[in-house]
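The values are calculated or read from the model by the stated rules, or taken from the named source; none is laboratory data. These numbers were taken from a predicted model, which means no experiment stands behind them. Every residue, glycine as well, gets a Cβ built from its backbone with ideal geometry; the counts of neighbours run over all protein chains shown. To get the accessible areas, we keep the full protein, side chains included, count just its heavy atoms, and leave off ligands, DNA and RNA. Shrake-Rupley method; radii C 1.70, N 1.55, O 1.52, S 1.80 Å.
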Amino acid sequence: MAFRYSIVIPTYNRAQQLLLTLASFETQTYPKHLFEVIVADDGSTDGTKEMVESFQASYPLIYVAHPEQRGRSAVRNLGLRRAKGLYIIFCDADFLVLPEFIRIVSRYHRKYPKAVLSGFPHSWDDAYTHYYPGFSPEEKEHCRSILTQSGLWNPHVEAANEIVPIITPEDILHQTGALSKVMIPSRVPPNIKKQFAKTDVAPWTLLVTRCVSIRRSHLARIGGFNERFVLYGLEDWDLGYRLHRLKIPFYCIKEVVGYHQEHPTHLRGNVLNTENLKIMFETYGFNDSSLNLFALVHPSLDLETYKNTLRVLRRGSRSKQTRSSALLLRRTLRMAARQFVQPNHTHAYKKSLRWIKKNAEGRKSRVAQVLRDMVLKSEKLVE
């Protein structure tokens with residue numbers, strides 16, 4: 001029987017977290033002969049290969065690897081090439097799935113067979129499954145606080161030179177309840193979660209590869225991830241943007257289906273990677289305001305302002321009274337994106353901003369107010 005789901009897990013030196021993630025797939029209530037798990041290793045040097053190959057899985061488990069690190073996009077494509085499922089679930093090595101995970105995804109796909117399904121924003125929360133000597137002082141203090149409240153804190157771990165497990169594979173396999181004791185109260189404001197879940201503008205920002213399910217034929221149609229993205233950041237939104245251009249719908253899964261295993265922040269990389277944003281502009285040009293706006297308001301920093309700006313722009317474009325202000329706003333965003341990529345045209349850029357600013361004066365509409373805000377942000381771009 002053919003697989004319905006192929007779970008592709010990219011990894012790089014995350015052997016201990018990956019072990020728990022693999023164990024969590026052992027607990028799935030979905031039939032194990034209907035899914036496969038593919039670990040795509042981006043040149044790990046921490047024994048990942050040996051751990052995966054010795055893992056006694058009751059589901060089909062495949063290990064593929066690059067001999068040297070090539071980046072998140074390339075390693076996900078490596079796993080994708082081995083996948084046979086109707087749907088691909090991209091799941092990070094540090095995402096600990098709950099027993100109903102695949103069954104819930106399957107239920108949503110029966111209702112939305114062609115859609116992209118995202119675990120964000122409802123499966124955003126973290127859990128302290130390990131203690132890291134590489135935690136910052138603030139992270140160590142937070143970890144100590146959470147574990148002390150649960151009676152799991154051991155002061156001797158602070159002297160450790162290696163990662164110390166707090167949750168074991170046996171805790172996951174036998175569902176001992178230990179996981180519930182290391183969960184971190186959500187640090188994501190409710191308004192941000194609400195904005196993520198809305199798909200009226202830039203729905204492709206829901207594509208976060210920590211936990212997302214996509215029809216394999218759709219991925220084949222667009223050629224998978226863009227391997228020009230080597231450094232961290234935007235490779236998942238780039239994929240989502242291309243799927244969105246094919247008019248593929250996006251939905252978020254409302255149930256909690258898993259938890260992120262907390263690790264030192266520095267391991268995440270820089271989400272505001274300017275080189276990757278330049279790749280997006282070079283690839284798609286400057287005709288889409290939802291992309292151009294990244295130069296002034298990055299969704300990772302201010303999702304609410306980002307989405308509300310697009311909403312105001314859309315409403316403004318539909319009204320005769322505000323259409324000219326909306327056109328100026330589009331022009332401002334296009335100019336800002338070009339300046340972001342080619343900062344050597346500062347004089348002409350400032351001259352155009354002064355002209356737009358003058359034309360925006362005295363206008364009282366909401367779109368004109370947003371226009372003035374974006375002009376101020378544009379001026380800061382060249383300070």
### Message
Between Leu34, Leu277, Leu234, where does the largest GNM mean-square fluctuation fall for the chain, given springs only between Cα atoms within less than 10 Å?
### Response
Leu34
### Task
Classify the stretch 285-380 as rounded, prolate or oblate from the Cα gyration tensor: take a ≥ b ≥ c as the square roots of its eigenvalues, call it rounded if a/c is under 1.5, otherwise prolate when a/b beats b/c and oblate if not.
oblate
### Task
Mind telling me which of Gly151, Gly71, Gly258 comes out most flexible in a GNM of the chain, alpha-carbon contacts under 10 Å?
Gly151
### Summary
Candidate span helices, the chain: DSSP H, at least 20 Å along axis from Cα coords, Kyte-Doolittle average at least -1.0, result 323-341, 366-381
## Note on the structure
Probe 1.4 Å, heavy atoms of protein chains only: per residue, the accessible area of the chain in Å² is 46
### Query
Most mobile of Arg221, Arg82, Arg323 per a Gaussian network model of the chain (Cα springs, under 10 Å)?
Arg221
### Query
What fraction of the Cα pairs in the chain, stated in percent, has a spacing above 36 angstrom?
29
### Task
Pairs of Cα atoms under 8 Å, at least six residues apart: use those to get the relative contact order of the stretch 285-380, whole percent.
34
### Gap separating the Cα centres of the stretch 156-182 and the stretch 203-243, nearest whole Å
32
### Query
Just for the chain, what percent of DSSP beta bridges are antiparallel, to the closest 5?
35
### Query
Considering only Cα-Cα distances, which of the following residue pairs are longer than 28 Å: Lys320/Lys358; Lys247/Lys307; Lys254/Lys278; Lys194/Lys320?
Lys254/Lys278; Lys194/Lys320
## Note on the structure
Once the dipole of the chain is set up from charges on Cβ (+1 Lys and Arg, -1 Asp and Glu), the residue from the list His122, Leu381, Ala348 lying farthest towards its positive end is Ala348
### Task
Find how many whole Å separate the alpha carbon centroid of the stretch 283-342 from the alpha carbon centroid of the stretch 69-137.
30
### Query
When we measure straight from the Cα of Lys357, which lysines land under 16 angstrom away, once same-chain ones fewer than 8 places off are left out?
Lys377, Lys380
### Task
Determine, from the Cβ-Cβ distance of Val230 and Asn344 and an R0 of 25 Å, the FRET efficiency 1/(1 + (r/R0)^6), rounded to the nearest 0.05.
0.50
## Note on the structure
With only helices counted (DSSP H, runs n ≥ 4, each -39500 (n - 2.57)), the per-residue ellipticity at 222 nm for the chain, to the nearest 500, works out to -13500 deg cm²/dmol
### Query
Counting alpha carbon pairs within less than 8 Å and at least 6 residues apart, what relative contact order, in whole percent, applies to the chain?
18
